[in-house]
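Working notes, beginning with the structure itself.
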Amino acid sequence: MSKIVILTGAGISAESGIETFRAEDGLWAQHRVEDVATSEGFARDPAMVVNFYNARRKQAANATPNAAHKALAKLQQLYAGQVVIITQNVDDLHERGGSRDVLHMHGALNSALCVACEHRWPAAMTMAPGDACPKCSAPAARPDIVWFGEMPYDIDAIFDHLAQASIFAAIGTSGNVYPAAGFVAEAHRTGAHTVELNLERSAVGGQFAEHRTGPATRVVSEWVEELLAKPVQPRDSFK
Ligand code: NAD
């Protein structure tokens, strides 16, 4: 069966009003990554970190899926093969746009994690430092976000998907955060056609066979319509 594996990053949610990591204003610009996206930063100042993710959770809840999220959901529904969506994003705009089985490799704003027993539960809109775990009662809740230095989720399943991909696409990701930035090399090595959809070439842009340059709402929608209009390509036809 033909399999399309899609990696998305902050750029796909930019036109929904959620600023990217490297945008010049907004939440990220007001904080150092070491302070808000590492376990050391959380240990130093849990209240500041929890409040940072509270603000991001609220922002994501007020945002709506855009045409790019919806186009990928349409592809999942109508493509004759399998479409796997892997996202580095912690918002839930893919799901609210209609996609299913999205692999959130960097965690999710709408999930809370117990540091003591690793139980997960739906996060309150406003978390507080030291919130109790509903399972073990330890005052050890944290946002269920994969911070720098931590192991991304679902990595074995992701590499299995990459090994089987006919097409690998990266949408709105800068190619600076590993292991996600290494997926294009892996997909290429195992025989997939690779395509980058972005406003500009990413840090790993030279490794893609094809580029579609422009805002995600336009280029993703066009790409999806093209894929749905042509017969499904057997995996080997791209080699
Ligand atoms: P990034 O901020 O490093 O890069 C964003 C990329 O998107 C850039 O390459 C930029 O050219 C592109 N882009 C911006 N606007 C676009 C548009 N309208 N259409 C198409 N492309 C556009 O983001 P990243 O590569 O995802 O890595 C940053 C890390 O920050 C990730 O680990 C992610 O978890 C986190 N993050 C997540 C969100 C979110 O959940 N929405 C937002 C910011 C950061």
Practice task
Check the range 136-143 and report whether any residue there is at pLDDT 95 or above, under 17 Å from the mean Cα position of the chain (by Cα), within 13 Å of the ligand (Cβ to nearest atom) and within 27 Å of Leu72 (Cβ to Cβ).
Solution key: yes
Practice task
Inspect the range 96-105 for any residue being within 11 Å of the ligand (Cβ to nearest atom) and within 24 Å of Tyr178 (Cα to Cα) and give the result as yes or no.
Solution key: yes
Exercise for the section: Go through the range 169-200 and give me each residue that's crowded, with 20+ Cβ neighbours inside 10 Å, within 16 Å of the ligand (Cβ to nearest atom) and assigned to a helix (DSSP H, G or I). Expected result: Ala180, Ala181, Phe183, Val184
Exercise for the section: Just give me the residues in the range 1-28 being near the ligand (Cβ under 6 Å from one of its atoms) and in contact with a Phe, Trp or Tyr (Cβ under 7 Å, 6 or more places away or on another chain), in sequence order. Expected result: Ala10, Phe21
Exercise for the section: Could you tell me whether any residue of the range 102-123 is basic (Lys, Arg), surrounded by fewer than 19 Cβ atoms within 10 Å (Cβ to Cβ) and over 21 Å from Pro46 (Cα atoms)? Expected result: no
Problem - Filter result for Gln88 (touching a helix residue (DSSP H, G or I) at 6+ places or on another chain (Cβ under 6 Å), among the polar types (S, T, N, Q) and surrounded by 16 or more Cβ atoms within 10 Å (Cβ to Cβ)) - result: yes
Problem - Lone unmet requirement of (1) at pLDDT 95 or above; (2) of a type in the set (Val, Ile, Thr); (3) assigned to a loop (DSSP other than H, G, I, E, B) for Val83 - result: (3)
Problem - Sole residue being surrounded by fewer than 21 Cβ atoms within 10 Å (Cβ to Cβ) and under 30 Å from Lys58 (Cβ atoms), chosen from Asp131, Asp160, Asp144 - result: Asp131
Practice task
Could you please give the count of residues in the range 210-239 that are closer than 20 Å to Val184 by Cα, of a type in the set (S, T, N, Q) and modelled with pLDDT of 75 or more?
Solution key: 1
Exercise for the section: Answer yes if at least one residue in the range 31-45 is within 14 Å of the ligand (Cβ to nearest atom), among the hydrophobic types (A, V, I, L, M, F, W, C), more than 30 Å from Leu75 (Cβ to Cβ) and assigned to a helix (DSSP H, G or I), and no otherwise. Expected result: yes
Completion exercise
Picked from the range 201-223 (must be more than 11 Å from the ligand (Cβ to nearest atom) and part of a loop (DSSP other than H, G, I, E, B)), the residue surrounded by the fewest Cβ atoms within 10 Å (Cβ to Cβ) is Ala209
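The values are calculated or read from the model by the stated rules, or taken from the named source; none is laboratory data. Please read these numbers as outputs of a predicted model, since none were measured by experiment. Neighbour counts are summed over all protein chains in view; Cβ atoms, including those assigned to glycine, are modelled from backbone coordinates with ideal geometry.
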